[in-house]
Amino acid sequence: MLRGWGQLHRGGTVTTAAFTAHVARFATEPVDELLQAWIHGTPLPPLPGAERRAAGQGAWTRRCSHG
């Protein structure tokens with residue numbers, strides 16, 4: 001459902017109403033409460049150390065293991 005949304009609207013401009021209508025087409029139960037909390041709910045707290053990274057005082061790292 002989300003991949004289809006992304007492919008359909010890649011590079012375009014859409015509305016929240018269009019997204020919620022898209023989700024509702026795939027849902028087997030009402031999703032209004034879920035989407036209300038997800039889209040309009042309280043934002044997530046900042047990531048630990050995000051202030052330092054924004055100021056250039058740290059770097060994101062990625063570890064890869066090859067086995």
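Put simply, of A55, A18 the only residue that is modelled with pLDDT of 90 or more and small (G, A, S) is A18. Figure legend. Inter-residue proximity from the range 36-49: first residues over 30 Å from A24 (Cβ atoms) and of a type in the set (F, W, Y), second residues in a helix (DSSP H, G or I) and open to solvent by less than 100 Å² (accessible area, probe 1.4 Å), beta-carbon distance below 7 Å, spacing 6+ or different chains. No pairs are indicated. Filtered by the rule that a residue be open to solvent by 80 Å² or more (accessible area, probe 1.4 Å) and in a helix (DSSP H, G or I), the range 1-30 gives L2, R3, Q7, L8, R25, F26.
The values are calculated or read from the model by the stated rules, or taken from the named source; none is laboratory data. Just so we're clear, the structure is a prediction, and the values are computed from it rather than from any experiment. Glycine also receives a Cβ, built like all others from the backbone with ideal geometry; neighbour counts cover every protein chain displayed. To get the accessible areas, we keep the full protein, side chains included, count just its heavy atoms, and leave off ligands, DNA and RNA. Shrake-Rupley method; radii C 1.70, N 1.55, O 1.52, S 1.80 Å.
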